[in-house]
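A.B. asks: The structure's right below; bear with me while I get my questions together.
The values are calculated or read from the model by the stated rules, or taken from the named source; none is laboratory data. Quantities reported herein were computed from a predicted structural model and do not represent experimental measurements. Neighbour counts run over all protein chains shown; Cβ positions are idealised from the backbone, glycine included. For the accessible areas, the whole protein counts, side chains as well, though only heavy atoms, and no ligand, DNA or RNA atoms are used. Shrake-Rupley method; radii C 1.70, N 1.55, O 1.52, S 1.80 Å.
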Amino acid sequence: MTISLKVAVIGAGVAGLTAARELQKESHQVVVFEKSNRLGGTWVYDPRVESDPLGLDPNRDVVHGSMYKSLTTNLPRHLMSFTDFSFVEKLYDDPQMYPGHEEVLKFLEDYATHFKLTELIRFNTIVTRVEVVDSVVNTFVVESKTNGVSLVDEFDAVVVCNGHNTQPRLAADIPGIETWSKTQMHSHNYRDPEPFRDQVVVIIGNGPSATDISREVATVAKEVHMSSRSPHIKVGKSEKFNNMWQHSKINCINKDGKVVFEDGLFLEADIIFHCTGYKLHFPFLKTNGIVNIQDKRIGPLYKHVFPPQLAPNLSFIGIPEESFTFALIECQSRWIAQTLSQKVLLPSKDEMLLDVEQLYQEMNEKGVPEHHTHYIGFQTTYIDWVFGQTGMVLEKGVKDMIEYFNYCLMSAGLDGYMDAFANKYGI
Ligand SMILES: Cc1cc2nc3c(=O)[nH]c(=O)nc-3n(C[C@H](O)[C@H](O)[C@H](O)COP(=O)(O)OP(=O)(O)OC[C@H]3O[C@@H](n4cnc5c(N)ncnc54)[C@H](O)[C@@H]3O)c2cc1C
Ligand SMILES: *[C@@H]1O[C@H](CO)[C@@H](O)[C@H](O)[C@H]1NC(C)=O
């Protein structure tokens, strides 16, 4: 017998679309809520920026996207594919191996059309509340708003796909930053390098946005000073750009406005630019303390997907960081869809809780900070495991490619991995 549940999916980005696809395959009844007027999430370039460039003002109008104008993918399109819909075979206007963001959006629109997902989406509809109804029947109330009109629906299950690149997370504890009177901004509000023309910029962070954006900023800025708290960075002048330097962590901001680094160097800057990532944010979620968020840790979540107490009916897609997003999202979506139809069973609530406890304990013992809870990196262990839950294995070709990608990352570094990979797999 097929078990068909009424499932709400929140968001129509990569995660929401893939969830819809997999849920539909399992014959569930799917409604996708999307607050904007089109699908694609992050991949819809939005030229608007927020009124508060740091994103601190709670009354600001929030812009969802963090995409910037010139962005090309930092993964080859081979590793941004679905197992049943390949980005390598789908070439639109920009057939490069690392295409611009428009190409990814076209791919997602094609995916949605091909699998008839668009008709499942309620556009211009923001979810304002998801609450577990506290009674014998375990249903969820989903409150949403379309053009100011509220609607309350009930669902058997909810899949949360609202994205994690919208709420800026700032570098904490920079003594003296409160006296800084010049410009500060977060990469969420970066669209093009113009505001940095002829400026002396301090960029905090060493993740993908810091690396990518700093290169673009360096083409117009007077000086670019990177700052990272990572113990692994190499301090000194850039070999590639003659106006770029790498520094250690910022020690403090002096009263006279000078930025002082931990190694004792200091300088007068015009802009402090935070490329420090994003916070997890689920403003609509009311779970009575069953799911909690603290410094980028949301939990307890079994394998970063299910809160044991509400599993499988409440789930989260795309929480793990620094991974192959498309494969990650696909394996999680399949797993969720098949646990909801009870083709796949989860361990008991206690076993799932124990698994989460063990993860936290291991992190503690190894001294891994809490905000790295969902950091899985570019490995395949996790993705393999999750695909395995639904009886699928990652294709050998894809696995080889991932292995080679990691090899390129290790041997050629952030500056060279893309070319190194293209040398083998490019046409
Ligand atoms: C600048 C940048 C570059 C990136 N580059 C790459 C790359 O090269 N390769 C790669 O694989 N990944 C890249 N990523 C990662 C990227 O986040 C993923 O590829 C993917 O887009 C994540 O999809 P998502 O569905 O989880 O979230 P999103 O794309 O953010 O989608 C979430 C959707 O939910 C909607 N929503 C949010 N809240 C509500 C609500 N309350 N009610 C209704 N709808 C709501 C939003 O409007 C949005 O459409 C990049 C990310 C950023 C920010
Ligand atoms: C999940 O939803 C189904 C269908 O509504 C319900 O039968 C089941 O009890 C729910 N499970 C939990 C743990 O709430």
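A.B. asks: For F261, indicate whether it is over 29 Å from R48 (Cβ atoms) and open to solvent by less than 10 Å² (accessible area, probe 1.4 Å).
C.D. replies: yes
Here is a yes/no grid of residues against (1) loosely packed, with under 15 Cβ neighbours inside 10 Å; (2) of a type in the set (D, E):
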residue: E89; (1), (2): yes, yes
residue: V104; (1), (2): no, no
residue: D156; (1), (2): no, yes
residue: V159; (1), (2): no, no
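A.B. asks: Let me ask something else about it. Restricting to the stretch 19-49, count the residues that are within 12 Å of ligand 1 (Cβ to nearest atom), in a loop (DSSP other than H, G, I, E, B), farther than 18 Å from L151 by Cα and small (G, A, S).
C.D. replies: So the answer is 1.
A.B. asks: Let me ask something else. Consider only pairs whose beta carbons are under 6 Å apart and that are at least six residues apart or on different chains; among these, list those whose first residue lies in the stretch 300-322 and is closer than 17 Å to T373 by Cα and whose second residue is within 9 Å of ligand 2 (Cβ to nearest atom) and in a strand (DSSP E or B).
C.D. replies: What qualifies is P307/L314.
A.B. asks: Let me ask another. Being out of contact with any Asp or Glu (no Cβ under 8 Å at 6 or more places or on another chain), open to solvent by 20 Å² or more (accessible area, probe 1.4 Å) and part of a loop (DSSP other than H, G, I, E, B) is the filter here; which residues of the stretch 278-290 pass it?
C.D. replies: L280, H281, P283, G289, I290
A.B. asks: If you don't mind, another one. Name the single residue that is modelled with the lowest pLDDT among those in the stretch 323-373 being β-branched (V, I, T) and in a helix (DSSP H, G or I).
C.D. replies: T325
A.B. asks: Right, next: Restricting the stretch 331-357 to residues that are of a type in the set (D, E, K, R) and touching a residue at least 60 places away in the same chain (Cβ under 8 Å), which is nearest to ligand 1 (Cβ to nearest atom)?
C.D. replies: R334
A.B. asks: Return only the number of the condition from (1) of a type outside the set (K, R); (2) open to solvent by 50 Å² or more (accessible area, probe 1.4 Å); (3) touching a strand residue (DSSP E or B) at 6+ places or on another chain (Cβ under 7 Å); (4) in the same structural domain as V356 (by TED's automatic domain parsing) that I293 does not satisfy.
C.D. replies: All conditions are met except number (3).
A.B. asks: Only residues that are outside any loop (DSSP other than H, G, I, E, B) and open to solvent by 30 Å² or more (accessible area, probe 1.4 Å): list them for the stretch 221-235, please.
C.D. replies: Correct list: E223 only.
A.B. asks: Sticking with this one: Can you name the residue in the stretch 13-66 that is within 16 Å of ligand 2 (Cβ to nearest atom) and touching a residue at least 40 places away in the same chain (Cβ under 8 Å) and is also farthest from the chain's Cα centre (by Cα) among such residues?
C.D. replies: S27
A.B. asks: Do you know which of the residues in the stretch 299-309 that are modelled with pLDDT of 95 or more and touching a Ser or Thr at 6+ places or on another chain (Cβ under 8 Å) is nearest to H164 (Cα to Cα)?
C.D. replies: In this case the residue turns out to be V305.
A.B. asks: Evaluate the following for S411: is it surrounded by fewer than 15 Cβ atoms within 10 Å (Cβ to Cβ), among the small types (G, A, S) and closer than 27 Å to E26 by Cβ?
C.D. replies: No; evaluated as a whole, the condition is false for this residue.
A.B. asks: Now, a different point. Among the residues of the stretch 118-143 satisfying the criterion of being away from ligand 1 (no atom under 13 Å from the Cβ) and part of a loop (DSSP other than H, G, I, E, B), which is modelled with the highest pLDDT?
C.D. replies: This residue is T139.
Listed here are the residues, each with its yes/no results for (1) within 26 Å of G318 (Cα to Cα); (2) in contact (Cβ under 8 Å) with a residue 12 or more places away in the chain; (3) out of contact with any Phe, Trp or Tyr (no Cβ under 6 Å at 6 or more places or on another chain).
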| residue | (1), (2), (3) |
| --- | --- |
| K90 | yes, yes, no |
| V142 | yes, yes, no |
| D156 | yes, yes, yes |
| V159 | yes, yes, yes |
| Q167 | yes, yes, no |
| D173 | no, no, yes |
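A.B. asks: In this structure, is L310 surrounded by fewer than 23 Cβ atoms within 10 Å (Cβ to Cβ) and within 16 Å of ligand 2 (Cβ to nearest atom)?
C.D. replies: Judged against the criteria, L310 is a match.
A.B. asks: Something else: Evaluate the following for L328: is it farther than 20 Å from S86 by Cβ, of a type in the set (A, V, I, L, M, F, W, C) and either surrounded by 12 or more Cβ atoms within 10 Å (Cβ to Cβ) or in contact (Cβ under 8 Å) with a residue 12 or more places away in the chain (or both)?
C.D. replies: Judged against the criteria, L328 is not a match.
A.B. asks: For T287, work out the one condition from (1) modelled with pLDDT of 95 or more; (2) within 13 Å of ligand 2 (Cβ to nearest atom) it doesn't fulfil.
C.D. replies: With (1) modelled with pLDDT of 95 or more; (2) within 13 Å of ligand 2 (Cβ to nearest atom) applied to T287, the lone miss is (1).
A.B. asks: What are the residue pairs meeting all of these: first residue in the stretch 71-85, first residue open to solvent by 20 Å² or more (accessible area, probe 1.4 Å) and within 10 Å of ligand 1 (Cβ to nearest atom), second residue outside any strand (DSSP E or B) and of a type in the set (D, E), Cβ atoms under 7 Å, and 6 or more apart or on different chains?
C.D. replies: Note: pairs meeting the criteria are N74/D212.
A.B. asks: Can you tell which of I271, I203 is in contact with a Cys (Cβ under 9 Å, 6 or more places away or on another chain) and surrounded by 14 or more Cβ atoms within 10 Å (Cβ to Cβ)?
C.D. replies: That would be I203, the only listed residue that is in contact with a Cys (Cβ under 9 Å, 6 or more places away or on another chain) and surrounded by 14 or more Cβ atoms within 10 Å (Cβ to Cβ).
A.B. asks: Among the listed residues V14, V31, identify the single one that is buried (at least 17 other Cβ atoms within 10 Å of the Cβ) and within 22 Å of K106 (Cβ to Cβ).
C.D. replies: Testing whether each residue is buried (at least 17 other Cβ atoms within 10 Å of the Cβ) and within 22 Å of K106 (Cβ to Cβ) leaves just V14.
A.B. asks: Please determine whether any residue of the stretch 296-314 is under 23 Å from T390 (Cα atoms), in contact with a Gly (Cβ under 7 Å, 6 or more places away or on another chain) and among the aliphatic types (A, V, I, L, M).
C.D. replies: No, the stretch 296-314 contains no residue that is under 23 Å from T390 (Cα atoms), in contact with a Gly (Cβ under 7 Å, 6 or more places away or on another chain) and among the aliphatic types (A, V, I, L, M).
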